[in-house]
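Engineer: Before I ask anything, let me first share the structure, which is written out below as structure tokens.
Computed from the coordinates by the stated procedures, all read-outs in this text should not be read as laboratory data. Note that the structure is a prediction, hence the values are computed from the model and not measured. Because the Cβ atoms are built from the backbone with ideal geometry, glycine has one as well, and the counts that use them run over all protein chains shown.
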Amino acid sequence: MVNTSDVVIVGAGPAGVAAAISAANQGLNVILIDSKSKERIGDKVCGEALSKKTVLKVSKMLDIDPPREEEINAKIETMVVRTGDPEINIELPAIGFMINRHIYGQRLLKEALSRNVKLVDNCKVSTPIIEKGRVVGVIAKKADKEEEFRAKITIDASGCRAVIRTNLPEDFSPRLYKKLTKNDYASCFREIIELKEDHDLHGKIVLQYEKDIPEPGYIWFFGDGKQRLNCGTGFQKIGKNEQLSVKQVYFNAMKKYYSDYNVIDGRGDVVPVQPPLWNAVAPGLIVVGDAAFHADPLTAEGHGPALLAGTIAGKVAKQAIEKGEYDINNLWQYNVEVMKEFGSDNSLYKILAVVLKRIGAEDLEFLIRKRVIKQSDLSVEGLSKKESIFSLLARVIRCFPKMYLLLLMKKALSATKQIKNICYQFPNDYREYENWKRKMELIYQRFI
Ligand SMILES: Cc1cc2nc3c(=O)[nH]c(=O)nc-3n(C[C@H](O)[C@H](O)[C@H](O)COP(=O)(O)OP(=O)(O)OC[C@H]3O[C@@H](n4cnc5c(N)ncnc54)[C@H](O)[C@@H]3O)c2cc1C
């Protein structure tokens, strides 16, 4: 059976549903496919922390209500970076919500359906359809029957495993990265737990650095309402960590902090840890959310970026369809806007993730205790600010005798400044991309 539409979207997570609402708002007819049943859409293993600023912005752009009371488990005000000694920590403002992903995801889906988006659930997409050098739809299986979904624009919103992007022929659109290797994602395990007594993490999300947790090295505890916490950890299963069980590492770390609790939900999943794909378009195709590595490589915050990327994708799809041109040139604006919205920040956070990984839990405690690392150093502004010679000198003195840490931080600061500058210069013309990318990759290669 062949189905046709203006836009076909693979995946009804936040990226896919935002893309569907955005495209439908502009009068496009949209088919949204997900392998889950309609009722399970939105249910996803997640830390569930969502930035207020991002979600308000997206809600306005999509003309939908911001998260409603029944969709919010708790409010967040602060992110705490903690080490072995709980007294030694850095607090950062982090205004947001602990969101119930399933309930919120179901509401977003309802918003899409009310705009005449056609949902095809229980339907597993396997490959893209490519004709004359352009993606013109996808092949999927529903109830053991193979179906074709043909469209002017295809959006891959299928999450980290990126079923369309990774199934494109190698020689198709060389500017698009088409792989998914073990270097590209972290395996995670997370639990939502109910404690016997209340906790002291209301309004807080805590990244607890532990020396026995492989890089990036922390277990998280997010205050999720009265007596409730969302906890988890994750790391790349590569090199010496390949055989480690994420679940076991999590339980070993967890027992130091909480042991007497009921598990409301405990599951594993994967999240991308690379900088965003600076090019996430190919002829007829836009890649959004985790499928384009849009999550923050340090904190795994990907819900907000997925919503934003989907919103932009719907708008750019409309512009291309209006022109009747679906080549890279006509989709390039998507990359430009993603870079402006969060691509530049997430490119910097990759460097911060690598630095924290190299420093390790014990030295991080030293740096925080000696006030060599301050609150401002862990923000995008802090990463790219100019430091006076006097404050640098003060840090040098405090860092003695671990001067290698200061050298590492200095190298990182230099890399982040260069990355920020290059992000500003992201080309509006796709023909300048290869040159731009070479410059960017050189900085990462020198640092990582
Ligand atoms: C343990 C963990 C903790 C996290 N914590 C946070 C956090 O606290 N805050 C935050 O902002 N982000 C967090 N994230 C990241 C966040 O969950 C993702 O970035 C976000 O869900 C990405 O949205 P998406 O729409 O791109 O992909 P997804 O949410 O993964 O949605 C993809 C959809 O595609 C569907 N699909 C997949 N393959 C196919 C196929 N072949 N055919 C049809 N449908 C398909 C899936 O069923 C799914 O519905 C966390 C992730 C993990 C794993």
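Engineer: Among all the lysines, which ones have a C-alpha under 17 Å from Lys256's C-alpha, if same-chain residues fewer than 8 places away are not counted?
Structural biologist: Those lysines meeting the cut-off are Lys196, Lys211, Lys247.
Engineer: For Val206, what residues show an amide H to amide H distance below 5 Å, using hydrogens built from the backbone and excluding near sequence neighbours?
Structural biologist: Those lying under 5 Å, H to H, from Val206 are Val80, Phe221, Phe222, Gly223.
Engineer: Taking a threshold of 30 Å on the Cα-Cα distance, which of the pairs Lys124/Lys420; Lys53/Lys226; Lys75/Lys318; Lys124/Lys357; Lys179/Lys439 fall above it?
Structural biologist: The pairs that break the limit, which is 30 Å between Cα atoms, are Lys124/Lys420; Lys75/Lys318; Lys124/Lys357.
Engineer: For region 244-291, which trypsin sites (Lys or Arg not before Pro) pass both filters: DSSP loop (anything but H, G, I, E, B) and at most 15 other C-beta atoms within 10 Å?
Structural biologist: Hits after loop and neighbour filter: Lys255, Lys256.
Engineer: Further question on the same structure: Just rank Asp63, Asp43, fewest to most, by other beta-carbon atoms within 10 angstrom.
Structural biologist: Starting with the residue having the fewest Cβ neighbours, the order is Asp63, Asp43.
Engineer: Under a cut-off of 19 Å between alpha-carbon atoms, report the aspartates and glutamates in cross-link reach of Lys145, not counting same-chain residues fewer than 8 places apart.
Structural biologist: Answer for Lys145, where 19 Å is the Cα cut-off: Asp34, Asp121, listed by chain and number.
Engineer: Using the Cβ atoms and a cut-off under 10 Å, what net charge is assigned to the surroundings of Met1, where Lys and Arg are +1 and Asp and Glu are -1? If you can, show how the numbers build up before the last one.
Structural biologist: On the way: positive: Lys142, Lys145; negative: Glu146, Glu147, Glu148.
Every neighbour counted, the sum reads -1.
Engineer: Top mean-square fluctuation among Gln236, Gln274, Gln319, Gaussian network model of the chain, C-alpha springs under 10 Å?
Structural biologist: Comparing Gln236, Gln274, Gln319 in a Gaussian network model of the chain, the most mobile one is Gln319.
Engineer: Tell me which residues come under 5 Å, amide H to amide H, from Thr83 once H is placed; ignore anything under 5 positions away on its chain.
Structural biologist: For Thr83, the qualifying residues are Ile88, Tyr209.
Engineer: Quick one: net charge of Ala282's neighbours, Cβ under 10 Å, K/R +1, D/E -1? The partial results should precede the final answer.
Structural biologist: Numbers: positive: Arg134, Arg165, Arg175, Lys178; negative: Asp156, Asp327.
Combined, the nearby Lys, Arg, Asp and Glu give +2.
Engineer: Calculated from DSSP H runs of 4 or more alone, at -39500 (n - 2.57) each and per residue, what is the 222 nm mean residue ellipticity of the chain, nearest 500?
Structural biologist: The per-residue figure over the chain is -11500 deg cm²/dmol.
Engineer: Please compute the volume of the convex hull spanned by the alpha-carbon atoms of region 185-272 and report it per residue in Å³.
Structural biologist: So the per-residue Cα hull volume is 89 Å³.
Engineer: Also, quick follow-up: Which loop GluC sites (Glu not before Pro) in region 13-109, with loop taken from DSSP, have no more than 12 other Cβ atoms within 10 angstrom of their Cβ?
Structural biologist: Answer by residue number: Glu87.
Engineer: Is the C-alpha gyration tensor of region 406-448 telling us rounded, prolate or oblate? Criteria: a/c under 1.5 is rounded; beyond that, a/b larger than b/c is prolate, otherwise oblate.
Structural biologist: oblate
Engineer: Then there is this: Pick out, in residue order, every one of the GluC sites (Glu not before Pro) in region 118-192 that is DSSP loop and has at most 11 other C-beta atoms within 10 Å; say none if there are none.
Structural biologist: Taking region 118-192 and a limit of 11 other Cβ atoms within 10 Å, the loop GluC sites (Glu not before Pro) found are Glu170.
Engineer: Based on other C-beta atoms within 10 Å, arrange Arg431, Arg101, Arg358 from fewest to most.
Structural biologist: Exposure proxy ranking, most exposed first: Arg431, Arg358, Arg101.
Engineer: Which value, in debye to the nearest 20, gives the size of the charge dipole of the chain about its Cα centre, when Lys and Arg are +1 and Asp and Glu are -1 at the Cβ?
Structural biologist: 1060 debye
Engineer: Here is a further query. Would you mind counting up the charge near Phe251? Only other residues with Cβ under 13 Å from its Cβ, with Lys and Arg at +1 and Asp and Glu at -1.
Structural biologist: +1
Engineer: If you don't mind, there's one more thing I want to ask. Picking from Ile21, Ile95, Ile164, which is most flexible by a Gaussian network model of the chain using Cα springs under 10 Å?
Structural biologist: Highest fluctuation of the listed residues: Ile95.
Engineer: Springs between alpha-carbon atoms under 10 Å, Gaussian network over the chain: tell me which of Gly217, Gly11, Gly234 tops the mean-square fluctuations.
Structural biologist: Gly217
Engineer: Sort Lys124, Lys318, Lys350 so that the residue with the fewest other Cβ atoms within 10 Å of its own Cβ comes first and the one with the most comes last.
Structural biologist: By the 10 Å Cβ count, ascending, the order reads Lys124, Lys318, Lys350.
Engineer: Moving to a separate point now. What value does the chain have for Rg/Rh, both radii from Cα atoms and Rh as Kirkwood defines it?
Structural biologist: For the chain, the value is 0.97.
Engineer: Got a sec to turn the phi values of region 241-249 into Karplus ³J(HN,Hα) couplings, 6.51 cos²θ - 1.76 cosθ + 1.60 with θ = phi - 60°, whole Hz, x for Gly and Pro?
Structural biologist: Computed from phi, the couplings for region 241-249 are 9, 4, 8, 6, 8, 4, 4, 5, 4 Hz.
Engineer: In addition: What percent antiparallel are the DSSP beta bridges of the chain, to the nearest 5?
Structural biologist: The antiparallel fraction comes to roughly 70 percent.
Engineer: Over all directions, what mean area does the Cα convex hull of region 21-87 project, stated in square nanometres?
Structural biologist: Working: hull surface 29.3 nm².
Its average projected convex-hull area is 7.3 nm².
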